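Structure first, commentary second.
Derivation of every value follows stated rules applied to the coordinates shown; laboratory data play no part. Nothing here was measured: the structure is a model prediction, and the numbers come from that model. Positions of Cβ are generated from backbone atoms using ideal geometry, with glycine treated the same way; all protein chains shown enter the neighbour counts.
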Amino acid sequence: MVNSRFIEKRSIDYVPLAERHGKVWHLWPVWFSGDAHLATLAVGVLGITLGGNLLWTSVAVVAGCALGTFFMAFHSTQGPQLGLPQMIQSRPQFGYRGALLVWAVALIAYIGYNAFNQVLAVQALHQLWPAIPAASALGIIVFAIAALTLAAVGYDTIHMAQRGFAYLMIGILSVFSIGACLALKFPAAQWAASGFRGVPFIAQLFAAASYQLSWSIYVSDYSRYLPRDVSVRSSFWWTYLGAFVGGTWMMLIGTVAAATDPSQDVAAAMQRAADSIAPGLGAVLLLGALLGLVTISALNFYGASLTLLSVADTFRPVKSGAGKRIASLLATALLATVIALRSSSDFVSRFADLLAVLLYLFTPWTAINLVDFYLVRRGHYSIREIFNADGMYGRWNWRGLSAYALGFAVMIPFFSTGMYTGPIARALGGADLAMLVGLPVAGIAYYLACRNLDIDRDRSRAAAADVGLEPCDDPPPTAHV
């Protein structure tokens, strides 16, 4: 049995107030580092590859990150208020069993992302040291073990690692950025305001927004141990600051690298651009981005573990413990590694399309979850009833499920992937506006469906159910939004 004070014991269960710790500013390095890796670089390349220039692609990156991070950061504020991981909070909106829908999608996404990260990491190692095969099985396994070890130790160690890595990457990225401003030269057309092209701009904007929004499924996993008196405003802004700056900065480096040599893949282009600033800087930047893949893969394994335990809890209540958490981590790591080992270049391309569809699936969930927390129930939930199969939130919640189905359905004509391009996206030259449609439709549909919900009764039942959850001199844990 795993039993060590260095290994996190809690998993999907409520974090009591006596165990809350940490400072709210610790959120910014978690999400800055979460974006400081190779996969983020690739997002900033899209506008250039579609024919946009450096000026307008950069504007699209900044605007897209500002939009997507806005919704993502609001999820972070739920952690201190509820003391629960992100995905388990879906039960009040979808029901005890209905939440399985979003959990299944989240689990596939976590495992799929890490399979890609493992393949991408080995390719980066090959770029740095050509003697290492570009598809090294040993490299894939070693990378998985490194990320798994960090995830196994848990919450506090992940926070500490993200803080150290954030400072390291700020130094590396600052050197590159200052050097790029001084040394890199671009044709005048790359900076021409007249070079605006609608399709590349829109595609880049929503690619950046969707990428930032994809963090929403596990944001409060890393804020749930914070004291409950942390304000919504402070947790929002510290999360927003880290994710926006980290995501924007890293994507813009990808944009600049692609503009210097659009014919090369992003890692090679980045290394070449950095080496033109200072010999050897490319290897340092690539190594830093590779280390970032380790930490973000640890976050993915951690989130996958919590999601898998949430699924298991639906069928049989799961008692918190390090042993169960480690077992679930091993299961998810094994699946991701098998996928990475068996992948081919064609498979990776096709699976990337599948992951794009998974991002579509998270868009209506984000809207429903935030509308419920901020506009419908206003943070008043019962912790005990969330874990009660026959409780006040029901097994299936028609309000959340129907709003979700509607939000997803209206997005389909706007899809733009290698597997399917909707008629509206095709008419727009492949620009993907699905998120812009899915968010408001799902959110409004859920809000209207909740008009006949007796909020006062719901709030009273939640408060009564949680009497005694904390020492009797403390009020029941509810948010203040």
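Please compute the alpha carbon radius of gyration of the chain, then divide it by the globular-protein estimate 2.2 N^0.38 Å. Two decimals is fine. If you can, show how the numbers build up before the last one.
On the way: Rg = 22.1 Å, N = 481, 2.2 N^0.38 = 23.0 Å.
It is 0.96.
Given N residues in the range 37-121, what is Rg(Cα) / (2.2 N^0.38 Å)?
After normalising by residue count via 2.2 N^0.38 Å, the value is 1.44.
Students often check this: by mean Cβ neighbours within 10 Å, which of 62-71, 186-195, 76-85 ranks highest, and how do the rest follow?
Taking the mean over residues of other Cβ atoms within 10 Å, the ranking is 76-85, 62-71, 186-195.
What whole-number distance in Å separates the alpha-carbon centres of the range 1-74 and the range 372-431?
Taking the Cα centre of each part, the range 1-74 and the range 372-431 sit 21 Å apart.
State, to one decimal in nm, how far the label point of residue 402 lies from the label point of residue 452, with both points 7 Å from Cα in the Cβ direction.
In this crude spin-label approximation the distance works out to 0.8 nm.
Cut-off is 10 Å between beta-carbons; in what order do 61, 467, 119 appear when sorted fewest neighbours first?
467, 119, 61
With a point put 7 Å past each Cα toward its Cβ, work out how far residue 229 is from residue 137 in nm, to one decimal.
5.7 nm
Divide, for the range 147-238, the radius of gyration over alpha carbons by 2.2 N^0.38 Å, where N is the residue count.
Cα Rg divided by the expected 2.2 N^0.38 Å: 1.57.
Grab every C-alpha pair in the range 141-296, bin the distances at 10 angstrom width from 0 up to the longest one, and report whole percents.
Cα pair-distance distribution for the range 141-296, in percent: 8, 31, 34, 20, 6, 0.
Which whole-number percentage describes the relative contact order of the chain, with Cα contacts under 8 Å and a sequence gap of 6 or more?
Reported as a whole number, the value is 30 percent.
Arrange 50, 469 by Cβ neighbour counts within 10 Å, fewest through most, would you?
Details: 50 19, 469 16.
Placing the least packed residue first, the sequence is 469, 50.
With r as the distance between the Cβ atoms of residue 268 and residue 378 and R0 = 41 Å, compute the FRET efficiency 1/(1 + (r/R0)^6) and round to 0.05.
0.25
Taking the number of other C-beta atoms within 10 Å as the exposure measure, put 75, 26 in order starting with the fewest.
Ranked by crowding around the Cβ, least crowded first: 26, 75.
Rounding to the nearest 10 and keeping the result within 0 to 90°, find how far the Cα-based axis of helix 434-449 lies from the longest principal axis of the chain.
10 degrees
Given all pairs of different Cα atoms, what value in angstroms does the Kirkwood hydrodynamic radius of the range 226-345 take?
Taking every pair of different Cα atoms in the range 226-345, averaging 1/r and inverting gives 18.0 Å.
Taking 7 Å along the Cα-to-C-beta vector as the label spot, tell me the residue 128-residue 463 distance in nanometres, rounded to one decimal.
Once both label points are built, they end up 5.6 nm from each other.
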